[in-house]
Structures are given as C-alpha cells and as structure tokens.
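A short worksheet on the structure shown next.
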Amino acid sequence: MNSPGRRAPGGSLLPAPERGDAGSAALACFALKVDVDTFEGLAHGVPRLLRLLDRHGVRASFFIAMGPDRSGVAALRAFRQRGFLTKMIRSRAPSMYPWRTMLAGTLLPAKAIAGSLPASLREIASAGHEVGVHGWDHVRWHDHLVSMAPEHVSREIDAARRLFADIMGVPPRGVAAPGWQCSASSLRAVDAAGFAYRSDSRGERPCRPVCADYVARVPEIPTTLPTLDEVLGRQGRDPAALAERYGQWIHWDGLNVHTIHAEIEGGPCAAHLDCLLARVVPRLPVVTLEDVAARLTDVALPEVELRRGRLPGRGGLVSVAAST
Ligand SMILES: [Zn+2]
C-alpha cells in the first residue's frame, strides 16, 4: 500500500512491508475475507456472493457474527458520530442497508443471525469456502470491547465457538474481531479458545499481536487493503474505475487481505467485487485465510503492537498492527 508510487488512499498509518518477511513474495496471493454482520447479510448477501465467487472460480473466508443482529444500535451510534452526514452522502449508505437492518435491535426485534439460518453456514462450507466466527454480538463488541471485563470478552468468544461447533460439527479455526476491535482481553480470550489464526486488525503483514504487554500466541493475519465503504465516493464510484484504483493498492508480489461485507458486495455493490475479481484472478492466486495461516507455520512472525488509530474513510478507532 505504501511502497513508492502507491499511496494508500488519503495516507496511511501503515508502514511499508519489508522484503523477505511474511508480507512479501513468499506469500504472493489475494485472500478474500467476507464479514457477515447481519441477518440480512447472511440471508440474502451470502447467496449472491456464493454465486459471484463461483462464477470467478474462487474460494473465500466467511466470518459470521453468530449472535443477535442489533444493527439498529449501530445505526444510532453512527448517527451520533462526527462526520456522519458527510459519510452518508459520500457512500450513499442509506441505499446500502435495508431499513429492516437499520432498525434491528431497536424498533424491530434483534434476530439471531447464525441461530436462525444454520443451513446457510453449512451451504457456505459445502460450496468449498472457509467459515469462521465474527464474534457473538457484533454491536456490543464493536462499541464496548475496550471497557469489557475479561470474563465478559471470553463469554462472547465462547458463545460464538459453541454455536459454530453445534451447527458445523467442528470448532472454528479462524476468528475475525468485529469492527477490527482488539484489547489485551480479546487477545487472551482468542488464545485460550484454541483458534488456529485470527484476522482482527488492519496492517501490512502477519504478526504476533501485542496489546498492553500481552504477546498473543495465535497469529494475526491483518486486513491489508481499504474496504469498499472506506473508498466509495472518496476515490470515485464507478466499479471499473475503483477496481483500477485497487489495482494500484494491491501488492502484486506480496500478501493482500481484502475485507468485503455480505451486506455491501453481496448487495448493491456486487458489480464492484465483480470488476475487482476480474482484475485480480488472472494475476494472483485467490486463497482463504486458512490457506495463508497454513503457510505461516514455519515463519518466525514479528511481535507487533496493536494501536488504536483512525483510517481514512472510516469513523471511529480501529486496531492497527503497525510496526513503526
Ligand atoms: Zn463486521
């Protein structure tokens, strides 16, 4: 993202990768991480994404928020946030989320996401994709993780793992923190639960994340590219033109992790993902995060402090794995 001639949109907190480490040529690939935050995303976005991914002949890693859909609370939070109106106008967010999602957990009851649609998780896996967990209560984790008691954080992780194992018959191997929110407690809880890898933060290369002097055991594979909702409007809106911009941000000789959302790329922005995959597939292997994790077993990963920082186009703070 930050190598000469390729700046991240709007500047970046993230340092350039070093040659010869886990972020460079040894791992030249494009991993697609699909966050499923809502009931609507699982019910309607995922089937559309499965068809689109099948058309391109690629596999992805789906991370499901396993508990209640309280997106309406997130909508209220966003409404109170600084710069909210500007972002709404820029990204045309009201057209990206249906009104049922904008009211879920406030005026409308909070539906169980995975619990209501267990067959959907099994369909993702039987289509050849990876399925992992994206926390239990996405909104609670996103808004309150930093102040949550350690036992409460463990309860969120354990509830997600238990339901996943009930539905899939095996425990999840991967976990992705809702909203890229991490704390020392969340690093500990994921380590204790026995995941094979985590994708919790934004960064440049795989690492062993550190928070408040706690060095995590489970490796971190961060999201390296900006998300579509962060660049939509700021970098244009046309699917082909945005795919071309992504072409400038992608490390064609390194590891790329791109997070998409079932609600966005599996909804009104399917054409953006279609154009992006048409550009990527001929040039890079598209892999799952579990594939990346398997290639890290013999790599000495650097210990990297997770900091809370802002990213261009995203409201609020996220955890950034930045080594400088
Ligand atoms: Zn999410």
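Readers should treat all values here as calculations from the given coordinates under stated rules, not as data from a laboratory. Given the structure is predicted, the values throughout are model-derived calculations rather than measurements. A quick note on method: Cβ atoms are made from the backbone with ideal geometry, for glycine too, and the neighbour counts reach across all protein chains shown.
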Please list the non-local residues whose amide H lies under 5 Å from the amide H of ARG308, H modeled 1.01 Å from N, same-chain partners needing a gap of 5 or more. VAL320
Contact order relative to length for segment 167-269, counting C-alpha pairs under 8 Å separated by 6 or more residues, stands in percent at 21
Cα-based shape type of segment 179-219, given that a ≥ b ≥ c are square roots of the gyration tensor eigenvalues and the cut on a/c is 1.5: rounded
Ordered by residue, what ³J(HN,Hα) values in Hz, to whole numbers, does segment 175-180 give under the Karplus form 6.51 cos²θ - 1.76 cosθ + 1.60, where θ = phi - 60° and Gly and Pro are x? 9, 10, 5, x, x, 6
Applying the Karplus parametrisation 6.51 cos²θ - 1.76 cosθ + 1.60 with θ = phi - 60° to the phi angles of segment 248-259, what ³J(HN,Hα) value in whole Hz is obtained for each residue in order, glycine and proline being reported as x? 7, 8, 5, 7, 6, 10, x, 7, 10, 10, 10, 8
Would you mind classifying segment 260-304 by shape? Square roots of the alpha carbon gyration tensor eigenvalues, ordered a ≥ b ≥ c; an a/c under 1.5 is rounded, otherwise it is prolate if a/b is larger than b/c and oblate if not. prolate
Any number yet on Rg/Rh for segment 155-261, C-alpha, Kirkwood? 1.05
Summing +1 per Lys or Arg and -1 per Asp or Glu among the other residues with Cβ less than 9 Å from ARG208's Cβ gives -1
What nm distance separates the two modelled labels at VAL281 and ALA240, each placed 7 Å from Cα along Cα→Cβ? 1.8
Listing ILE264, ILE64 from the residue with the fewest other Cβ atoms within 10 Å to the one with the most, what is the order? ILE264, ILE64
P(r) tail fraction, segment 25-321 - alpha-carbon pairs more than 30 Å apart, %: 25
At a threshold of 8 angstrom on Cα-Cα distance, excluding pairs fewer than six apart, so keeping six or more, what relative contact order does segment 102-207 reach in percent? 26
Roughly what % of Cα-Cα distances in segment 197-324 sit above 22 Å, to the whole percent? 40
Output ³J(HN,Hα) for segment 153-164: one whole-Hz value per residue in order, computed from phi by the Karplus curve 6.51 cos²θ - 1.76 cosθ + 1.60 with θ = phi - 60°, and x for Gly and Pro. 4, 4, 4, 4, 5, 5, 4, 5, 4, 4, 5, 4
Which chymotrypsin sites (Phe, Trp or Tyr not before Pro) in segment 242-324 sit in a loop by DSSP (not H, G, I, E or B) and have at most 13 other Cβ atoms within 10 Å of their own Cβ? TRP252
